Amino acid sequence: MKDCEEGPESRCRLAWESVALSSVTLLEIRLVSSEKSETMWIFGWKGPSGFSACSTAEEVTQGIDGTGLTAIVTGASSGLGVETTRVLALRGVHVIMAVRNVDAGRKVSEQTLKEIPTAKIDVMELDLSSMASVRKFASDYNSSGLPLNILINNAGVMATPFMLSQDNIELQFATNHLGHFLLTNLLLETMKNTARESSKEGRIVNISSEGHRFAYREGIRFDKINDESSYNNIYAYGQSKLANILHAKELSRHLKAEGVDITANALHPGAITSTNLLRYHGFINVVANMFGKFVLKNVQQGASTQCYVALHPQVKGVSGKYFVDSNIGNPSKLAKDGELAKKLWEYSLNLTDGK
């Protein structure tokens, strides 16, 4: 997909399906037609923003000066987080890499500094599957005196076997949604202060997925989050990614009601080669790396939408939206459900209260 050409509009989207074969759940990546889809990535068709799925993170931020901005990027030591860190630093943003493996984070920081000697990068420890770790990170950051203009909730796990987090919550929901929900809430006052003092719009960016369309039938299983007997690793992943969109939607509503100059949006980065999301599916990971370069995005293209939503002036004032290929996309019906978003908000507050 490195050399895309423009072509006729495509009504295709990426779908994630679970296929039971000899009692083993496999992840099948395929293209299916969809009249409602706004994703045209396979042909590289440019959307209203002027960008497409072929656009890279450097291309969508070309000419943007991020000097004076400070951003936190979770999961910054691998995959899309590495490229997002590099490109934000390239544009002058002070980047705080929030990572579980500090040594790996420092190596990425050192590599980035070799390429961009003027880069401002710090590394801090954060394990999103542990609320204690999230609280420590937020406390340390809020005490540091650093401003915070941009929060990119990028880290995640995908289609894991059934496991519980350190707080005894299903791992994908705990890591992909609850950890980021708590982190965002704990950093929000710092973001509000920064927006007021700098007169610059703050931006919160949740990395979701088109996989949100393949959640459980009811969307969020409020009464069965930890039900191992009915657990499906693909649906559980979809549930967590649906939660990312609903979180941004409800957070946006709260911020607008307060009159705060901070936006909150969610996005689908695309189907990416060379990330570690499929680390629990060795065979599929091998196949994806062998053939993915012909149909999937590379990491430079995959990081483009989050860099676009975080920095581009076209997105100023836009909040509560879902982006695909650096353009506003059309999420599922469940992802647009305001009542579901409110219910998830209250449910998440209860789960994170005091933990």
Alpha-carbon Debye profile of segment 93-171, log10 I(q)/I(0) at 0.12, 0.19, 0.20, 0.27 Å⁻¹: -0.42, -0.94, -1.01, -1.37
Where labels lie 7 Å past Cα in the beta-carbon direction, separation of N350 and T118 in nm: 5.2 nm
E125 paired with S139, simple spin-label distance in nm, labels 7 Å along Cα-to-beta-carbon: 1.4 nm
Semi-axis lengths, Å, segment 98-249, gyration tensor of Cα atoms, sqrt of 5 times eigenvalues: 30, 18, 15
Neighbour cut-off at most 14 other Cβ (10 Å), DSSP loop, chymotrypsin sites (Phe, Trp or Tyr not before Pro), segment 142-233: F222
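Please give the direction-averaged projected area of the C-alpha convex hull for segment 159-282, in square nanometres with one decimal.
9.0 nm²
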Euclidean distance between Cα centres, segment 238-258 to segment 326-355, Å: 5 Å
Gyration tensor (alpha-carbon) shape descriptor, segment 43-187, a/c threshold 1.5: oblate
Other-chain or far-sequence residues with amide H under 5 Å of T263's (modelled H): G202, R203, I204
Per-residue HN-Hα couplings for segment 90-107 [Karplus 6.51, -1.76, 1.60; θ = phi - 60°; Hz; x = Gly/Pro]: 4, 8, x, 6, 7, 10, 9, 7, 9, 9, 6, 9, 5, 4, 5, x, 5, 5
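Report the calculated FRET efficiency for R217 and H254 (r = Cβ-Cβ distance, R0 = 30 Å), to the nearest 0.05. Walk me through the numbers before you get to the answer.
Values: r = 28 Å, r/R0 = 0.93.
My answer for the efficiency is 0.60.
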C-alpha center-to-center spacing [segment 157-183, segment 71-92] in angstrom: 22 Å
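Values in this text are rule-based calculations from the coordinates and carry no lab data. Note that the structure is predicted; figures quoted are calculated from it, not measured. Note: ideal-geometry Cβ built from the backbone for every residue, glycine included; neighbour counts use all protein chains shown.
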